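Read the figures in this text as sums done on the coordinates, not as results from a lab. These numbers come from a predicted model, not from an experiment. Glycine also receives a Cβ, built like all others from the backbone with ideal geometry; neighbour counts cover every protein chain displayed.
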């Protein structure tokens, strides 16, 4: 009889943590065969994508190689993009993988499962607004963030090597004032000043960069407490970012963004960070229940409503919260908590025991505004709900990434990575210059 086959689709924050912990728990002993499926060869913690886009974080020095991670933690890795599900046969299908020239180098395959966990994350939601897909940059993955960083860098190199003219102003409109949009604006402002330090002496950061944030809600960070919103907006306005709330975007063209009140915002770069949805292929896949955002509707046990063998976690899951109208928020901390529960739940499932329900515990929210400040709130039984900002908040924000590294590698390797990063800061530029 074959070992219990656990297949995890998606190597984001929740997926890779789950595969690592299950591999350590069951893989080496052979009690289960754990397989992680992802369309990429490496993992990057998604909350860092705004720093990658601004060039203040080098994605290629801080990613996790799936193949190496699988070898070290006793699970298997399969490269591929899921595009089908046969629940009767308990198998998923992976689309062929193509190279840069469009040639197939990994064929179509099927993978059998006894327990399937879908952790495929989310993508930007354009809400069907004309021109968004054609003319906006999205920050759904590392490739998109890297491409944006390279495009911005080319603009600055052009401005440095050509005579000054009004057309050299870099005009960036960010649509959406959630965490990604707010943090990206602050990082881009910081980037402009760092470039001057590295010799871009013909650039005036205050004149050559115009940053605009447009938000449909009546305040920034609408999903977070109002006091965090107020603190973030105050800091953004202080560094010269133009903030427009209560403005709904109705059209995007190559020259800029138009809002419902007829105002047009000229932009050389347009970034869309206004909302998320689960990938389109999940819509009613295999006859499973999904919502209007393509998220899989799950029970408190994180099992799909129509199949006990299928679980979903992270942004692609619509998980109920007892006593609340809204599902669990699509955050990295929610994915981490769900992964931790599933390690226990899958062990109980293999023993034929009943599963526990997921209870989301909000530990607070932190928003990093580059080196200027960090604002947020910490929640817990001892301290209640306390607002923090400044140095302490920034160190707390950075520790979230270190906790993710610890979940993947262990405490000692995480400490060694911290020391390595400390040394690199003394020998390498503080931002990506290519």
> To the nearest 10 degrees, how steep is helix 142-161 against the longest Cα principal axis of the chain, on a 0 to 90 scale?
Replying inline: 20
> What are the extents of the Cα atoms of the stretch 169-220 along their three principal axes, listed from largest to smallest and rounded to whole Å?
Replying inline: 39, 18, 11
>> With equal scatterers on the alpha carbons only and no solvent term, can you work out the Debye log10 of I(q)/I(0) for the stretch 155-252 at 0.14 1/Å?
In response: -0.56
> When the Cα atoms of the chain are enclosed in a convex hull and the volume is divided per residue, what value in Å³ results?
Replying inline: 162
>> As a test of the formula, what do you get for the chain when each DSSP H run with n ≥ 4 contributes -39,500 (n - 2.57) and the sum is divided by the residue count, at 222 nm and rounded to the nearest 500 deg cm²/dmol?
In response: -10000 deg cm²/dmol
> When the gyration tensor of the stretch 85-140 is built from Cα positions, what are the square roots of 5 times its three eigenvalues, in whole Å, from largest to smallest?
Replying inline: 30, 19, 10
> In what sequence, highest mean first, do 42-52, 350-360, 119-129 appear when ranked by Cβ atoms within 10 angstrom?
Replying inline: 42-52, 119-129, 350-360
> Is the shape of the stretch 249-373 best called rounded, prolate or oblate, per the rule: a/c under 1.5 gives rounded, else a/b larger than b/c gives prolate, else oblate, with a ≥ b ≥ c the square roots of the Cα gyration tensor eigenvalues?
Replying inline: prolate
> Using the per-residue mean of other Cβ atoms lying within 10 Å as a proxy for protection, in what order, highest first, do the peptides 236-245, 16-25, 365-374 fall?
Replying inline: 16-25, 365-374, 236-245
> How far, in nm, would the chain grow between residue 89 and residue 5 when pulled straight, counting 0.36 nm per residue and subtracting the alpha carbon separation?
Replying inline: 28.9 nm
